[in-house]
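First the structure, in the form of structure tokens, and then the observations on it.
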């Protein structure tokens, strides 16, 4: 689908100084919604350009960083060195016509660059200024660094991993993190939402400053664990699991099963063929099912081990049982449902060719969004392009 001027943020001008995933992901979501985003980079390029793994390049050489390709898709690039007077002047010129500035520069360096909260608010009163750092820009941890593994554990989620089937299979594993850059992307999501909220309020109150902490954003992911502190329960990876369901091994793969409602349990009983154990009147009570979770799971796994994933999923979905196949990346790209929803779009990558790229985790007005272009070459835009 071509990028159209009717996208929700068409005409919005964004400058992003993003050396990390959180700031870049926030900018990427705005770009996908139609904003004109310029990625401000130092000479030599943003550090994300050097983040492995790399896409295959020409004649077998490494190509572009796959992470950068995804995060910077739809943006343009400008080389600005704010440590120099000319660079500070160039950045000020860009911000004078911008609606949003996203920044992950360490707090201690901002005042000398003229990009601290007070200086920007005075110079550009209508600018939405969004700061995103691992631990925020204020408080005792404002100067702390934090890669994704740090953010995930500081936010609490790492304390709960691995759990369920993974813990049963590998009981001696140490605490893990979710693959990829999950923790930092949560910071990016919170930043994008803060920016949209500030833009919505801007006609009434002018520009605003948003201070986003990726640690705080990750606390929302563990909301249930935090909530259970109220009843005296402290969740731990050794104890955390679905009482029954979760990841279920099958004859040719895995499914994930989650039955939270009575009607879903009733559908599961039908899917299992109404065995005598599942028809026990005691299991009509959800609390009793939770208490007997390990025994129920053992029965479900015995049943699933002799059946293929597609057989289980097709029959279960007809009965209203919430379950789905665990798919490989190639299966996801080729899946008719993902194609129907427009989740992926072929995007040109210099030196690699077209790759299937996730567009957006959401639709807008009932239709998929689109990516206007692939990631930019370094300094593909002039500093006055915003």
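The values are calculated or read from the model by the stated rules, or taken from the named source; none is laboratory data. Here the structure is a predicted model, which means the values were calculated and not measured. Here Cβ is always computed from backbone atoms with ideal geometry, including for glycine, and neighbour counts include all displayed protein chains.
Taking into account only those residues within the stretch 296-306 that are out of contact with any helix residue (DSSP H, G or I) (no Cβ under 7 Å at 6 or more places or on another chain) and under 15 Å from residue 268 (Cα atoms), which is surrounded by the most Cβ atoms within 10 Å (Cβ to Cβ)?
297
Please find, within the stretch 41-73, the residue that is nearest to residue 83 (Cα to Cα) out of those that are part of a helix (DSSP H, G or I) and over 18 Å from the mean Cα position of the chain (by Cα).
So, considering only residues that are part of a helix (DSSP H, G or I) and over 18 Å from the mean Cα position of the chain (by Cα), the one nearest to residue 83 (Cα to Cα) is 47.
Candidates are the residues of the stretch 21-40 that are farther than 20 Å from residue 190 by Cβ and surrounded by fewer than 24 Cβ atoms within 10 Å (Cβ to Cβ); the one that is farthest from the chain's Cα centre (by Cα) is 36. Residues in the stretch 213-224 include at least one that is at pLDDT 90 or above, under 25 Å from the mean Cα position of the chain (by Cα) and part of a strand (DSSP E or B). Can you tell me which residue among 31, 22, 10 is in contact (Cβ under 8 Å) with a residue 60 or more places away in the chain and farther than 27 Å from residue 84 by Cα? On inspection, the qualifying residue turns out to be 31.
The number of residues in the stretch 158-199 that are touching a helix residue (DSSP H, G or I) at 6+ places or on another chain (Cβ under 6 Å) and in a helix (DSSP H, G or I) comes to 10.
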